[in-house]
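The values are calculated or read from the model by the stated rules, or taken from the named source; none is laboratory data. This is a predicted model, so every value here is computed, not measured. Virtual Cβ from ideal backbone geometry, glycine too; neighbours counted across all protein chains shown. The protein model used for the area step is the full one, side chains on, heavy atoms only, and it has no ligands, DNA or RNA in it. Shrake-Rupley method; radii C 1.70, N 1.55, O 1.52, S 1.80 Å.
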Amino acid sequence: MTLDERDVEILKALFQLGDPSTKPIAERTGIPKSTVHYRLQNLRDSGVLRNELNEIDPDVLGLGVRIITHVTAEYEEGYHETVGQQLRDIEGVASVYFTMGDTDFIVISYLPNNTYVEHLVQEFEGIDGVMRTSSTLVITTIKEDTNPVRGYDLDSLKKFVLFEED
């Protein structure tokens, strides 16, 4: 499926609002509600949106280059918030994790092609307080799931949620 400007506007509004209802998307974009409904259905049917939870396939959008970056920053009070917020705001960054261990942050990014990788790393290293980065290009995604519930069987989930003991 080839996306057009309206499809992109609808997708952006969908994820900004966090609401799959057509009315708020139509209000945000100025696109008629019936058109929003039709296009959302087409996006689902074509696989751009994977399911009713509106999980998106980054490959279909042309964002198939995944980069995992380890970022080491200078320690100072509140650095995890200031550096973390700046990492979060870089275009293409999908997730930022503040971690324990040898790495301060792990950043997951989705890019359109390899030419964007150098720019991304320059953005990371241009942040005041970032000492070092190490980026890894993902060759093949074995498992990628934004919903952690799918990684457990029902009995395990019941134990966690209901705090049952073995």
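Where Lys and Arg each count +1 and Asp and Glu each count -1, what net charge lies around Thr35 among other residues with Cβ under 12 Å from its Cβ? Provide the component values of the computation, followed by the final result.
On the way: positive: Arg6, Lys33, Arg39; negative: Asp4, Asp7, Glu9.
Computed value for this residue: 0.
In the chain, what percent of the accessible surface is made up of carbon and sulfur (1.4 Å probe, ligands and nucleic acids excluded)? The partial results should precede the final answer.
Working: 5650 of 11150 Å².
Accessible surface attributable to carbon and sulfur in the chain totals 51 percent.
Whole-Hz Karplus ³J(HN,Hα) for region 93-101, in order, using 6.51 cos²θ - 1.76 cosθ + 1.60 and θ = phi - 60°, x for Gly and Pro?
3J(HN,Hα) across region 93-101, in whole Hz: 6, 9, 9, 10, 10, 8, 10, 9, x.
Which shape class, rounded, prolate or oblate, goes with the chain when its Cα gyration tensor gives a ≥ b ≥ c as root eigenvalues, a/c under 1.5 marks rounded, and past that a/b bigger than b/c marks prolate?
oblate
Quote to one decimal, in nm, the extra length available between Arg50 and Ser21 on full extension: 0.36 nm per residue of separation minus the C-alpha distance between them.
On the way: separation 29, 0.36 × 29 = 10.44 nm, distance 1.65 nm.
Answer, rounded to one decimal: 8.8 nm.
Under a Cβ-Cβ cut-off of 15 Å, what is the net charge of the residues other than Val117 that fall near it, where Lys and Arg count +1 and Asp and Glu count -1?
Its environment carries a net charge of -3.
May I ask you to evaluate 6.51 cos²θ - 1.76 cosθ + 1.60, the Karplus curve with θ = phi - 60°, for each residue of region 18-32 and list the ³J(HN,Hα) values in order in whole Hz, giving x for glycine and proline?
x, 9, x, 5, 5, 4, x, 5, 4, 5, 5, 9, x, 8, x
For Lys159, list the lysines whose Cα falls under 27 Å from its own Cα; do not include residues on the same chain fewer than 8 positions away.
Lys143
With a 1.4 Å probe and every protein chain left in place, work out the accessible area per residue of the chain in Å², rounded to a whole number.
Result: 67 Å² per residue.
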